Structures are given as C-alpha cells and as structure tokens.
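Participant: Got a structure here, written out as structure tokens. Questions coming.
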Amino acid sequence: MWKERFGMLFIIASAIMLSRWLFQQNQWPDSLTWILSICVLPLVVLILAEGLGRFIQKHA
C-alpha cells in the first residue's frame, strides 16, 4: 500500500512541476494554458494514478 501512495505523491509532484512550467516558461496562449491546467492535467493525474495502483496491486 505504501508503494501506491508513494507513486501517487510522485505523480502529483510531477503534475505540479508541469503546471509551473506551463505558466512560467511556455509561450502558448493563456486560454490553452488554463484549459490544460484545469481540465486536462487533473484527468491525466487521475488516470495515471489509477493505472499505477492497479499495476502495483497486480504485480505485488
């Protein structure tokens, strides 16, 4: 169970770093940046965390 939690924290930390990059060093339009950070990024985190949890449970 601790492996799943560590994986989830790693995915969340990666998403935070990606979000910071989107807002600070990216030259995309603001509307696209907001859509990516509010709609797409949380869904990607959820899907990756669920997939990682299932993978760990299956192979542990």
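Readers should treat all values here as calculations from the given coordinates under stated rules, not as data from a laboratory. Since the structure is predicted, the reported quantities are computational estimates derived from the model, not experimental observations.
Participant: Report, to the nearest 10°, how far helix 2-24 tilts away from the longest principal axis of the Cα atoms in the chain, using its own Cα long axis and a range of 0 to 90°.
Facilitator: 10
Participant: In units of 2.2 N^0.38 Å, what is the alpha-carbon radius of gyration of the chain? Don't jump to the answer; show the numbers that get you there.
Facilitator: On the way: Rg = 13.7 Å, N = 60, 2.2 N^0.38 = 10.4 Å.
After normalising by residue count via 2.2 N^0.38 Å, the value is 1.32.
Participant: Helix 41-59 versus the longest principal axis of the chain: what angle, 0 to 90°, nearest 10, using Cα atoms?
Facilitator: The angle comes out at about 20 degrees.
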